[in-house]
Amino acid sequence: MVELTGKNAIVTGAAMGIGKAYATALAEQGVNISICDIDPAILDIPFTLESTGVQTYATVANVASPDEVRNFVDTTISTFGHIDILINNAGQCHVSHPDDDLDKSMRDYEKMVGTNLKGEYLVGRAVIEQMLKQETPADIINIATDHMVTCGTPDELCPRLPQCPWGSSPRPSGGGEVMDIYDASKWGLNGFLFAWAKALKPHNIRVNAICMGATDSHMIRSFYGFAADEETTNPDAKKVIETWMSATDSAQVVIDLLKEGPAGRTARNLNLCVGRRPELEPVLPHKYILEEDLHAGS
């Protein structure tokens, strides 16, 4: 276990929900926090985080904009001096269907692929450049989706957890017929995960992904059409929301992953799906990337 106190982290999409939970958990570990979001509410977050004694920087920025990403990362570097942790959390999820008209399809594409895939790429590229200059251990965590994994990823490595609602058969992947653009944007993150992990392992930079299942947040409530306080006013919504995981539990998995340090796992999709405990599970053998690839140099 490594000590996180004094490290510096970037968390994108941190104005509310999962991103805010990640930033809060890191601050409680003594990590200085730089955060951005398209929601101006991001500017209120430092008042809470700084109560833990850490240094913060917050700005309104769209991760799909190269100029805004460059300004955000450059200001973070000038403020903190170095970057030890990147959590690429900013994301959007909207209903999309193969028979949507082209105008709606393009709007949805720009929002979801622009944020979920292009945004993680842009922020990653900007931060990796700085991490390589530092020549110190670092971590990148991309937030993906459980739609792209089965129980164990792949199914032949499934740990057959007793609490899994799918029983003896692997949990199916895929998000359904109304999430084609969202799923495509998240599946694309595998390309960054494996390529970055192989190239950066010799530099002690780990790259992992959290494959997030249904977790109570503003994004998923908006997708379902639930109001922020609907768990107390709508009994049907309450039943659905009660099946979701908590952002706090997800944040603890991130903290446990970071505490593994440079000797810990890399190139991993960590599956957090409804029905299995949100915890850092034992490392399974690699399937889609060879172990020797992670030690061959860039």
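Rule-based calculations on the coordinates, nothing more; no lab input. If you're wondering where the values come from, they're calculated on a predicted model, not measured in any experiment.
Data table
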{"item": "Pairs from Lys104/Lys186; Lys20/Lys201; Lys118/Lys198 whose Cα-Cα separation, in the structure shown, is over 23 Å", "result": "Lys20/Lys201"}
{"item": "Aspartates and glutamates whose Cα lies under 13 Å from that of Lys259, excluding same-chain neighbours fewer than 8 positions away", "result": "Glu3, Asp84, Asp139"}
{"item": "Amide H contacts of Gly13 (H built 1.01 Å from N, under 5 Å, at least 5 apart or other chain)", "result": "Cys36, Asp37, Ala90"}
{"item": "Proximal aspartates and glutamates to Lys287, defined as alpha-carbon separation beneath 15 angstrom and excluding residues fewer than eight positions away on the same chain", "result": "Asp155, Glu156"}
